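What follows is a structure written as structure tokens; I'll ask about it next.
The values are calculated or read from the model by the stated rules, or taken from the named source; none is laboratory data. For clarity, every value in this text was computed on a predicted model and none was experimentally measured. Backbone-built Cβ (ideal geometry, glycine too); neighbour counts: all protein chains shown.
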Amino acid sequence: MAIQRSFVLRYRENGHVRFQIPSEACDSAAAKALTEKLLELDGVYRVVLYRRQQKLSIRFQETICEFESLVKQLYQILAEIEKTGLFNPKPIAKSRLWKVRAISNKAKPGPLNWFKRKYTDAKDTVHAAKVVGKIGLKKPKAFLNDPEKAVIDFLNDILVLFLIKLHWQHITQQWIVKPFKYRYEWMAIFYMFYLLIRSRKK
């Protein structure tokens, strides 16, 4: 129970909690196991463990998983991981430790990497806008007849592309793997496309 007491609740709002966690939980193997097990819980859709800051952020749907239930399941997961010994990693030899530190320092995200990621995201967004724009320009008569509807259709396409990009990791790694568990998310996707197609037919 010692490891559970080291998890201190620092922030809470509807569907979002953040814990201050001990250094034992920030080891790579322990952090990976904790993140994966939390994502398996019903209602939990995003888990971010900041190893350097020793923080754990969990986003969940309170209609599916209440806060008290989430905390109980978190404590149970911590107990299971503690039994495996992941919170007490074996000491690394000095030569190997030097290599690990070298790799870690090399992989540290710097300002340049941040700008690269933002540039890539912006480029993808612009590319998507161009694709949607080309599709819209194929029907100039529709734009001339009803410019308001044409603009709304264009913005709807951009919104759909943005939502797909935003949830792509969850779709490919969780929703497809466990479709029944994420059935409500799939229902939302199908309904969104239904509304999109329906608006185009009008």
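Limited to the range 143-183, what total is found for residues that are among the aromatic types (Phe, Trp, Tyr), in a helix (DSSP H, G or I) and surrounded by 12 or more Cβ atoms within 10 Å (Cβ to Cβ)?
4
Moving to a separate point now. GLN53: within 19 Å of the chain's Cα centre (by Cα), free of Cβ contacts under 8 Å to residues at least 40 places away in the same chain and closer than 21 Å to PHE87 by Cβ, yes or no?
It is true that GLN53 is within 19 Å of the chain's Cα centre (by Cα), free of Cβ contacts under 8 Å to residues at least 40 places away in the same chain and closer than 21 Å to PHE87 by Cβ.
Let me ask you something else. Only one of these conditions is not met by GLU24: (1) at pLDDT 90 or above; (2) in contact with a Phe, Trp or Tyr (Cβ under 6 Å, 6 or more places away or on another chain); (3) over 22 Å from GLN174 (Cβ atoms). Which number is it?
(1)
Residue check: is ILE189 surrounded by 10 or more Cβ atoms within 10 Å (Cβ to Cβ), among the β-branched types (Val, Ile, Thr) and over 14 Å from LEU39 (Cα atoms)?
The answer is yes for ILE189.
Could you list, in sequence order, the residues of the range 14-72 that are more than 22 Å from TYR184 (Cβ to Cβ), assigned to a loop (DSSP other than H, G, I, E, B) and of a type in the set (Asp, Glu)?
Hit for the range 14-72 is ASP27, nothing else.
So that you can scan it fast, the table gives a plain yes or no per residue for (1) in contact (Cβ under 8 Å) with a residue 60 or more places away in the chain; (2) closer than 23 Å to LEU166 by Cβ; (3) in the same structural domain as GLN174 (by TED's automatic domain parsing):
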{"residue": "SER6", "(1), (2), (3)": "no, no, no"}
{"residue": "ARG18", "(1), (2), (3)": "no, yes, no"}
{"residue": "CYS26", "(1), (2), (3)": "no, no, no"}
{"residue": "LEU39", "(1), (2), (3)": "yes, yes, no"}
{"residue": "LEU78", "(1), (2), (3)": "yes, no, no"}
{"residue": "LYS83", "(1), (2), (3)": "no, no, no"}
{"residue": "PHE87", "(1), (2), (3)": "yes, no, no"}
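Would you mention how many residues in the range 7-65 are β-branched (Val, Ile, Thr) and in contact with a Leu (Cβ under 7 Å, 6 or more places away or on another chain)?
Of the residues in that region, 6 qualify.
Count, please, the residues in the range 78-89 that happen to be among the aliphatic types (A, V, I, L, M) and surrounded by fewer than 18 Cβ atoms within 10 Å (Cβ to Cβ).
Qualifying residue count, the range 78-89: 1.
What is the residue count in the range 34-75 for residues that are of a type outside the set (D, E, K, R) and exposed (fewer than 12 other Cβ atoms within 10 Å of the Cβ)?
Residues flagged as of a type outside the set (D, E, K, R) and exposed (fewer than 12 other Cβ atoms within 10 Å of the Cβ) within the range 34-75 amount to 3.
Could you list, in sequence order, all residues of the range 47-73 that are more than 15 Å from GLY15 (Cα to Cα) and out of contact with any strand residue (DSSP E or B) (no Cβ under 7 Å at 6 or more places or on another chain)?
Selection gives TYR50, ARG51, ARG52, GLN53, LYS72, GLN73.
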